[in-house]
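J.: Dropping a structure here in structure tokens format, bear with me for questions.
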Amino acid sequence: MIERIGEHYRSNISNRFIRPALLQLSLEKQCWDLIEILTEKMEQFRYQGFLLDELYRQIAASARFVSITRRELVPTLRNRLSGGSTGPDRVLRDMAVNNFGSNLQLFADLLNELYVNLVELDKQDAKGHKPLYMQIPELQDIGRLLIG
């Protein structure tokens, strides 16, 4: 599922047409770093496995990204990226812009699905203790950030 999230992010969210506009978002570097780890650093976890608290933080950062992108970028994306491309690149750019809102929603849905699955695993592993997701303050608003 994490591989699918990363592939979708690289292909449909942070592609060569949209990335220049994404870099203008008001997100702190730590947030960008956590998103990068989740979406692009799969190889480093393939053999080591994932730490639940790190995955939760990466999902929280990605949820902040989704929320800020919906608010700051989606309404103005077409204007920010107008001009510059011709021919086939223009067609591809227009397709990326036209589908960006639905691609962002799919990204949010994938993140939410991963989060729900992790919470279930977390609850099963807690065995009478407080699950980890309940101890991480960044996760309190996760549903609101992802659902919109």
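J.: So, E43, is that one of a type outside the set (V, I, T) and modelled with pLDDT under 85 or not?
T.: In short, yes.
J.: Now for a different question. Exactly one of these conditions fails for Y56: (1) in contact (Cβ under 8 Å) with a residue 60 or more places away in the chain; (2) open to solvent by 10 Å² or more (accessible area, probe 1.4 Å). Give me its number.
T.: Here Y56 clears every test but (2).
J.: Next question, about the same structure. Restricting to region 36-51, count the residues that are open to solvent by less than 50 Å² (accessible area, probe 1.4 Å) and under 20 Å from D125 (Cα atoms).
T.: Final tally of qualifying residues: 1.
J.: If you don't mind, there's one more thing I want to ask. Against the condition part of a helix (DSSP H, G or I), more than 20 Å from L114 (Cα to Cα), open to solvent by 80 Å² or more (accessible area, probe 1.4 Å) and not small (G, A, S), how does R71 come out, does it pass?
T.: Criteria met by R71.
J.: Which residue out of V74, V97 is within 23 Å of I13 (Cα to Cα), at pLDDT below 95 and touching a Lys or Arg at 6+ places or on another chain (Cβ under 7 Å)?
T.: The conditions single out V97.
J.: Do you know which residues across region 74-88 are over 28 Å from E28 (Cβ atoms) and either of a type in the set (D, E, K, R) or part of a helix (DSSP H, G or I) (or both)?
T.: Within region 74-88, G87, P88 meet the criteria.
Here is a yes/no grid of residues against (1) hydrophobic (A, V, I, L, M, F, W, C); (2) farther than 23 Å from E54 by Cα; (3) touching a strand residue (DSSP E or B) at 6+ places or on another chain (Cβ under 7 Å); (4) assigned to a helix (DSSP H, G or I):
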position: R90; (1), (2), (3), (4): no, yes, no, yes
position: M95; (1), (2), (3), (4): yes, yes, no, yes
position: N103; (1), (2), (3), (4): no, yes, no, yes
position: L106; (1), (2), (3), (4): yes, no, no, yes
position: L114; (1), (2), (3), (4): yes, no, no, yes
position: Q124; (1), (2), (3), (4): no, no, no, yes
position: K130; (1), (2), (3), (4): no, no, no, no
position: L145; (1), (2), (3), (4): yes, no, no, yes
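J.: Which residue out of D141, D125 is surrounded by 13 or more Cβ atoms within 10 Å (Cβ to Cβ) and out of contact with any Cys (no Cβ under 8 Å at 6 or more places or on another chain)?
T.: One residue alone meets the criteria, D141.
J.: Among the residues in region 1-12, are any within 14 Å of the chain's Cα centre (by Cα), within 19 Å of L139 (Cα to Cα) and at pLDDT 95 or above?
T.: Yes, there is a match, as at least one residue in region 1-12 is within 14 Å of the chain's Cα centre (by Cα), within 19 Å of L139 (Cα to Cα) and at pLDDT 95 or above.
J.: Would it be correct to say that S26 is under 18 Å from L114 (Cβ atoms) and polar (S, T, N, Q)?
T.: No, not satisfied.
J.: Then there's this: Restricting attention to region 7-27, report how many residues are open to solvent by less than 90 Å² (accessible area, probe 1.4 Å), part of a loop (DSSP other than H, G, I, E, B) and not polar (S, T, N, Q).
T.: Residues that pass the stated criteria total 4.
J.: Continuing with the same structure: Filter region 125-148 for residues that are in contact with a Pro (Cβ under 9 Å, 6 or more places away or on another chain) and among the polar types (S, T, N, Q) and give the result.
T.: Once the filter is applied, which keeps residues that are in contact with a Pro (Cβ under 9 Å, 6 or more places away or on another chain) and among the polar types (S, T, N, Q), region 125-148 yields nothing.
The values are calculated or read from the model by the stated rules, or taken from the named source; none is laboratory data. Computed from a predicted model, the values in this text were never measured in an experiment. Every residue, glycine as well, gets a Cβ built from its backbone with ideal geometry; the counts of neighbours run over all protein chains shown. With ligands, DNA and RNA removed, areas are computed over all heavy atoms of the protein, side chains included. Shrake-Rupley method; radii C 1.70, N 1.55, O 1.52, S 1.80 Å.
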